[in-house]
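Asks: Quick one: this structure, given as structure tokens, is what I'll be asking you about.
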Amino acid sequence: MHAVSQTYKIPISGKIMTQFNTGKMPSTNTDVPVSGTFSHTKYRPFPTLNKTDRRWPSQTITEAPIWCAVDLRDGNQALIEPMNVKQKQRMWALLVKLGFKEIEIGFPSASQEDFDFCRWLIEHKQIPQDVTIQVLVQAREALIERTYEALEGAERAIIHVYNSTSPVQRQKVFKLDKAGIVDIARKGAQKVKDEAKKRPNTHWRFEYSPESFSSTEIDFAIEVCNAVIGVWQPSPEHKAIINLPATVECATPNVFADQVETFCDRVNQRDSIIVSLHTHNDRGCAIAAAELGLMAGADRIEGTLMGNGERTGNMDNVTLAMNLYSQGIDPKLNLSNADEITKIVSECTQINTHPRHPWVGELVYTAFSGSHQDAIKKCLAQQQESEPWDVAYLPLDPKDLGRDYQSVIRVNSQSGKGGVAYILEQDFGLHLPRWLQIEASRKVQEHAEQSKSEVSGKEIWNIIKQSFMTNAGGHELLSYHLDRHEEHEAISAELLIGDQTINVKGQGDGALSAFCTALENSLNRRIEIIHYDQHALGEGSNANAVAYVQAKVGNIRYCGIAKNKDILSANFNAILACVNQAKNEDLNISSVA
Ligand code: KIV
Ligand code: ZN
């Protein structure tokens with residue numbers, strides 16, 4: 001094989017196709033050499049409907065659709081290693097726990113494993129009263145018979161029968177004309193009905209899918225479905241499900257919505273059918289297509305957890321449900337334990353969840369950037385429980401999905417003071433004053449730049465301790481005595497320096513300035529407090545208070561932090577932490593008699 005150089009021309013200005021068959025490609029004038037066979041000329045634009053009465057754009061979704069989970073069939077069918085019995089049982093238990101009431105459990109006529117799983121569910125009475133199992137079968141008589149065998153003894157079941165209807169399937173796969181395709185559908189529907197009649201103890205429901213609906217001419221899709229409806233004769237009390245698959249997603253979601261709305265308008269007995277959607281994600285728009293399809297009049301949705309499925313996957317039920325939830329709509333699924341869902345799904349499918357997966361990915365509530373962290377921190381501080389959620393950069397309260405705020409803000413070299421402050425506050429109960437936030441984040445950033453990696457909460461704490469809580473300079477407060485006078489305060493303090501105990505004394509107009517004077521009296525440096533702050537610490541800490549001090553020792557500013565049961569001791573120790581940082585300046589403290 002050798003590389004071939006081709007010329008690929010890029011259109012100067014973008015062009016929106018309104019009707020597909022213009023026959024012309026966009027005008028081009030920029031030459032870009034392309035190697036290999038990468039050539040868009042191989043493809044045609046997808047035909048759109050010439051629809052002038054569309055109403056779906058002005059609709060909004062106000063309630064959850066009827067959900068159907070197809071993880072155990074469409075999802076399973078796409079796996080490199082299909083689920084084993086244990087994995088299927090786990091997936092089933094999860095789907096039931098999340099609240100799915102309709103669950104497609106397999107294709108029993110095509111797979112012995114699916115057949116056995118179906119039998120296990122029925123014989124071991126695993127199906128809750130409010131859950132209906134659904135099984136898929138091609139519109140072929142023998143397969144339909146086998147499907148009913150798999151369902152023997154079930155209290156309720158949906159028989160989902162399908163055949164392909166698109167031109168490529170008709171012409172190249174089945175080599176049948178339209179009448180031949182309608183005939184398959186009609187005969188399949190009849191067989192489904194006949195077999196059901198033989199088993200009156202089960203409450204049967206029927207579903208039909210014109211496979212590749214979205215690639216089928218709309219008139220023909222409606223014709224086939226009407227043929228099936230004609231056989232089944234559903235009623236408003238006993239509806240049939242007509243499922244409209246975008247088996248391969250070939251167009252923008254608005255095209256699908258046009259197809260769904262047209263279908264809903266023109267299908268027979270609309271009041272006796274449940275219009276279901278089954279979108280795939282080839283263009284990355286399965287969710288958008290499903291949402292627009294709901295706006296266009298559909299009632300039901302088939303999808304999988306995390307969107308596992310053929311090729312780029314099925315429509316992701318989790319994302320769609322969370323999209324509704326985040327708009328204040330009850331999704332009628334309980335997704336409150338996102339980590340359990342992603343764990344079970346990835347263990348069953350052996351596909352890991354992308355860390356940026358909508359709503360449930362590990363990183364989707366995490367901000368690394370300083371400005372985002374700052375905004376999140378400010379909004380979280382103002383968010384009232386009784387008020388609607390309104391936090392910048394967080395479209396949802398992570399706690400709703402069982403996540404904590406701990407992982408919301410994570411720190412790397414791009415993070416700013418807000419992030420470091422947030423972690424110190426959340427994990428260690430420290431409310432750093434602003435002047436210290438700047439210093440603290442500078443230290444953490446230096447570390448992140450050197451390590452070229454994320455800095456964990458524990459590492460941040462160590463940096464803070466080493467930088468601002470040091471007694472490495474050797475000065476430690478052992479005890480103090482304070483005399484309060486009307487005009488001033490006088491202090492006498494005992495310090496440990498290395499293995500030496502010394503006494504320092506001083507006066508000032510407050511305890512802190514008295515302590516500084518006492519140190520000054522023993523040092524050859526001036527000590528001036530620039531900022532100080534303090535607060536009580538939450539319960540569970542063995543210290544009750546924390547103090548923050550910024551002090552000038554000589555000509556240099558240092559920041560110190562100290563915790564103690566006694567607030568004054570905390571302040572004195574924070575001053576000593578500043579002094580200790582100045583140790584390189586060769587300070588000498590001498591005892592004052
Ligand atoms: O994608 C599809 O068309 C299907 C049908 C069998 C419903 O899975
Ligand atoms: Zn499918």
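Asks: Just to confirm my numbers, what's the Cα centroid distance between segment 140-179 and segment 511-525 in Å?
Replies: About 91 Å separates the Cα centre of segment 140-179 from the one of segment 511-525.
Asks: What relative contact order, as a whole-number percentage, does segment 97-209 give when Cα pairs under 8 Å and 6 or more residues apart are counted?
Replies: Reported relative contact order: 26 percent.
Asks: Test of understanding: what is the full-extension gain from Lys51 to Ser407, defined as 0.36 nm times their sequence separation minus their Cα-Cα distance?
Replies: 123.4 nm
Asks: Students often forget the sequence filter, so: which aspartates and glutamates lie under 13 Å Cα-Cα from Lys97 once same-chain residues fewer than 8 apart are removed?
Replies: The reachable aspartates and glutamates, counting only those whose Cα sits under 13 Å from Lys97, are Asp130, Glu340.
Asks: In percent, what relative contact order does the chain have, based on Cα pairs under 8 Å that are 6 or more apart in sequence?
Replies: Across the chain, relative contact order equals 9 percent.
Asks: With θ set to phi - 60°, apply the Karplus curve 6.51 cos²θ - 1.76 cosθ + 1.60 along segment 208-216 and write out the HN-Hα couplings as whole Hz, x wherever there is a Gly or Pro.
Replies: Here the 3J(HN,Hα) series is 10, 10, x, 4, 6, 3, 5, 9, 9 Hz.
Asks: Going by amide H atoms built from the backbone, whose H comes under 5 Å of the H on Ile530, apart from near neighbours?
Replies: Gln550, Ala551, Lys552
Asks: Same structure again: Sorting check: for 99-110, 171-182, 425-436, which peptide has the highest mean count of neighbouring beta carbons within 10 Å, and how do the rest follow?
Replies: Those peptides, ordered most packed to least, come out 99-110, 425-436, 171-182.
Asks: Moving to a separate point now. Taking the mean number of other Cβ atoms within 10 Å as a proxy for protection, how do you rank 292-298, 124-130 from highest to lowest?
Replies: Packing order, densest peptide first, comes out as 292-298, 124-130.
Asks: Any lysines with Cα under 24 Å of the Lys552 Cα? List them, leaving off those in the same chain fewer than 8 positions away.
Replies: Cross-link targets: Lys417, Lys443, Lys465, Lys505, Lys563, Lys583.
Asks: Turning to a different aspect of this structure: Quick one: if the Förster radius is 30 Å, what FRET efficiency do Ile530 and Asp427 give, using the C-beta to C-beta distance and rounding to 0.05?
Replies: So, using R0 = 30 Å, E works out to roughly 0.65.
Asks: Please list, ordered by chain and number, the residues whose modelled amide H lies under 5 Å from the amide H of Ile409; skip anything fewer than 5 residues away on the same chain.
Replies: HN-HN under 5 Å from Ile409: Ala367.
Asks: Put a dot 7 Å past each Cα toward the Cβ at Asn555 and Glu387; how far apart are the dots in nm?
Replies: About 4.9 nm, to one decimal.
Asks: Any chance you could give the angle, 0 to 90 degrees and rounded to 10, that helix 567-581 forms with the longest Cα principal axis of the chain?
Replies: Value to nearest ten degrees: 90.
Asks: Ordered by packing density, taken as the mean number of other Cβ atoms within 10 Å over each peptide's residues, highest first, how do 258-266, 552-560 rank?
Replies: 258-266, 552-560
Asks: With θ set to phi - 60°, apply the Karplus curve 6.51 cos²θ - 1.76 cosθ + 1.60 along segment 430-445 and write out the HN-Hα couplings as whole Hz, x wherever there is a Gly or Pro.
Replies: Working through the residues one at a time gives 8, 9, 5, x, 4, 4, 8, 4, 5, 4, 5, 5, 4, 5, 5, 5 Hz.
Asks: Could you grab the relative contact order for segment 305-425? Cα pairs under 8 Å, six or more apart, rounded to a whole percent.
Replies: Contact order relative to length: 23 percent.
Asks: If you don't mind, another one. Near the amide H of His280, under 5 Å away, which other amide H atoms are found, from residues 5 or more places off or on another chain, if H is placed in the peptide plane?
Replies: When sequence neighbours closer than 5 places are left aside, the close amide H contacts are Ala246, Glu249.
Asks: Next question. Can you work out ³J(HN,Hα) from phi for every residue in segment 87-103, in order, using Karplus 6.51 cos²θ - 1.76 cosθ + 1.60 and θ = phi - 60°, giving whole Hz and x for Gly and Pro?
Replies: Ordered by residue, 3J(HN,Hα) equals 5, 5, 5, 5, 5, 4, 4, 5, 4, 5, 4, 6, x, 5, 9, 10, 9 Hz.
Asks: Okay, next question. So for the chain: antiparallel DSSP bridges make up what percent, rounded to the nearest 5?
Replies: Bridges in the chain that DSSP calls antiparallel: roughly 55 percent.
Asks: Can I ask one more? For the chain, which whole percent of the accessible surface, found with a 1.4 angstrom probe, sits on carbon and sulfur atoms?
Replies: Taking all protein chains in place, the chain shows 48 percent carbon and sulfur surface.
Asks: Excluding residues fewer than 8 places away in the same chain, name every one of the lysines whose C-alpha is closer than 28 Å to that of Lys198.
Replies: Those lysines meeting the cut-off are Lys101, Lys125, Lys187, Lys239.
Asks: OK, next. Send over a whole-number figure in Å² for the accessible area per residue of the chain, probe 1.4 Å.
Replies: Ligands and nucleic acids excluded, the result is 49 Å² per residue.
Asks: As a check on your grasp of the helix formula, calculate [θ] at 222 nm for the chain: sum -39500 (n - 2.57) over DSSP H runs of n ≥ 4, divide by the residue count, round to the nearest 500.
Replies: When only DSSP H runs of four or more count, the value is -10500 deg cm²/dmol.
The values are calculated or read from the model by the stated rules, or taken from the named source; none is laboratory data. Please read these numbers as outputs of a predicted model, since none were measured by experiment. Here the Cβ is made from the backbone with ideal geometry for all residues, glycine too, and neighbour counts use every protein chain on show. The protein model used for the area step is the full one, side chains on, heavy atoms only, and it has no ligands, DNA or RNA in it. Shrake-Rupley method; radii C 1.70, N 1.55, O 1.52, S 1.80 Å.
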